[in-house]
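The values are calculated or read from the model by the stated rules, or taken from the named source; none is laboratory data. Predicted, not measured: the structure shown is a model, and the values here were computed from it. Counting neighbours? That spans all protein chains shown, and the Cβs are built from the backbone with ideal geometry, glycine included.
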Amino acid sequence: MKWAIFIPRVLSEKDGGTKVYVDRFAKALVKRGHDVHIFTTSLNASLPRDEHDGRIWIHRTFVRAGTAGPLRVSVASKVTRRFVEVDEQVRFDVINLHSAYLLNHRKLNRDHRILCTFHAVVTYEYLFELKKIISSFDVSPESVREVLSFPIKLPVSYMREAAALRNADTVIVMSEYVKRTITRFFPWVRGSDLFVSKIGIDADAYAPREDKIETRHALGIQDDEIVLFTVRRLAHRMGLENLIEGLRLSMSRNRDRNIRLFVAGKGPLHKKLKKMIADRNMTDVVTLLGFVPDDLLIKYYQAANAFVLPTEKLEGFGIVSIEALSCNLPVIATPAGANPEVVGPLCPELMTTSTAPAHISEKIDLFIQEAQAYRDKDYRGVMRQKYCWDTIVRDIEALCHDGIGG
């Protein structure tokens, strides 16, 4: 089959769970014999408009600012025109949307099988962001502009997400949590019409290392350090402020332990988190790594003692949790979003009671007390079986066959 996948700012231009999913999903499709074209936006006009790496085509639409949010209707028009041009030559079988804001369905000139993959309800994320800005009394210029845009952005976002749901032949979600969120926000959508899939893992890449000590030394980690690791976009819903405060509480009770926290990722909260760390005299304990490329990211997984997923709200799946578990890292996780589904069955004793710093601190304490026992845990086998890309792609293929005659 010939697939057209839509995602804003893909590959090297933007990190995050959706980008990682699309990258791996596209490669898995190619491995099973499909032709894959990715339609995306780009801020970098020096990149080629069309690019083929021998497996996957990338078709870029150049934009001047931001991603293809709900208010950027012109971006959808440009991307759609580009798709129609390519479709005249390729004749795509399947359109797979990973953004509700990138395609104008009325401009399509023939029928396609349309799969809409909802990683999250973006309108819900906007509501949460608005609540956090107001509750924190953030009066920075950026936050004020955000607040002023919400009266328009929220209803437009809702309408465009609703349109994407209505136009889809099949809606794919990654967790029961996202399924519940969609049916709550869009009550006319039946849960039985939503297909719950999974995210796969590259178990060969994300694997524990026998030379863990050497890996730690290469990263500047000492033998006696208990290393906690997390990979998060530095944004409000990720719960990083709660994690830092929870770690401070735990350190006060474990003064004889040498604890380190490494945070991989970038985002709008970088300055705030950096100041928070300095104000609590934790600069020698907490390291903000910024963006970390995949090869180095794997080394941090392999060097760490435990992974922490402190999400405050809206965790649609949590790719990083299965990456950590595939490296045999125990995961301390909050009960937010899909965390209980993904992490809960394997690390139930490390699931926190709430997202509060005190409850995160309790589970950090528990891990520290039982750290030796976790060295013998084997989560990797479950990851290989449960999150196999080949199985995931075959299930999604089955959704398409009815619509295009096999």
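Observations on the structure shown:
- For region 52-77, a residue qualifies if it is more than 17 Å from LYS19 (Cα to Cα) and either part of a strand (DSSP E or B) or aliphatic (A, V, I, L, M) (or both), and the qualifying residues are HIS52, PHE62, VAL63, ALA65, LEU71, VAL73, VAL75, ALA76.
- When ALA68 is tested against (1) at pLDDT 95 or above; (2) under 23 Å from PHE118 (Cβ atoms); (3) in contact with a helix residue (DSSP H, G or I) (Cβ under 7 Å, 6 or more places away or on another chain); (4) among the hydrophobic types (A, V, I, L, M, F, W, C), just one condition goes unmet, and that condition is (1).
- Restricting region 243-274 to residues that are of a type in the set (Lys, Arg) and part of a loop (DSSP other than H, G, I, E, B), the residue that is farthest from ARG232 (Cα to Cα) is ARG255.
- Taken together, the residues in region 104-147 that are under 22 Å from VAL73 (Cα atoms) and of a type in the set (Lys, Arg) amount to 4.
- Leading residue by the ranking (surrounded by the most Cβ atoms within 10 Å (Cβ to Cβ)) among those in region 112-143 that are β-branched (Val, Ile, Thr) and in a helix (DSSP H, G or I): THR123
- Out of GLU146, GLU225, GLU161, GLU210, one residue alone is among the charged types (D, E, K, R) and touching a residue at least 40 places away in the same chain (Cβ under 8 Å). It is GLU161.
- Residue check for LEU108: surrounded by fewer than 20 Cβ atoms within 10 Å (Cβ to Cβ) and touching a helix residue (DSSP H, G or I) at 6+ places or on another chain (Cβ under 9 Å): yes
- Qualifying residue in region 314-333 (condition: surrounded by fewer than 23 Cβ atoms within 10 Å (Cβ to Cβ), in contact with a Pro (Cβ under 9 Å, 6 or more places away or on another chain) and either in a helix (DSSP H, G or I) or not β-branched (Val, Ile, Thr) (or both)): yes
- Among (1) without any contact (Cβ under 8 Å) to a residue 60 or more places away in the chain; (2) farther than 24 Å from THR117 by Cα; (3) buried (at least 16 other Cβ atoms within 10 Å of the Cβ) - the single one ASP378 does not satisfy: (3)
- Selection count where residues are in a strand (DSSP E or B), surrounded by fewer than 24 Cβ atoms within 10 Å (Cβ to Cβ) and in contact (Cβ under 8 Å) with a residue 60 or more places away in the chain, scope region 284-313: 1
- Taken as a whole, region 69-91 holds at least one residue that is surrounded by fewer than 20 Cβ atoms within 10 Å (Cβ to Cβ), hydrophobic (A, V, I, L, M, F, W, C), in contact with a strand residue (DSSP E or B) (Cβ under 8 Å, 6 or more places away or on another chain) and touching a residue at least 60 places away in the same chain (Cβ under 8 Å).
- Every condition in (1) over 21 Å from ALA338 (Cα atoms); (2) of a type outside the set (Gly, Ala, Ser); (3) crowded, with 21+ Cβ neighbours inside 10 Å is met by GLN222 except one, and the failing one is (3).
- Going through (1) assigned by TED's automatic domain parsing to the domain that holds LEU249; (2) at negative phi one by one, ALA398 falls short only on (1).
- Within region 220-264, the only residue that satisfies the criterion of being among the hydroxyl-bearing types (Ser, Thr, Tyr) and within 24 Å of the chain's Cα centre (by Cα) is THR230.
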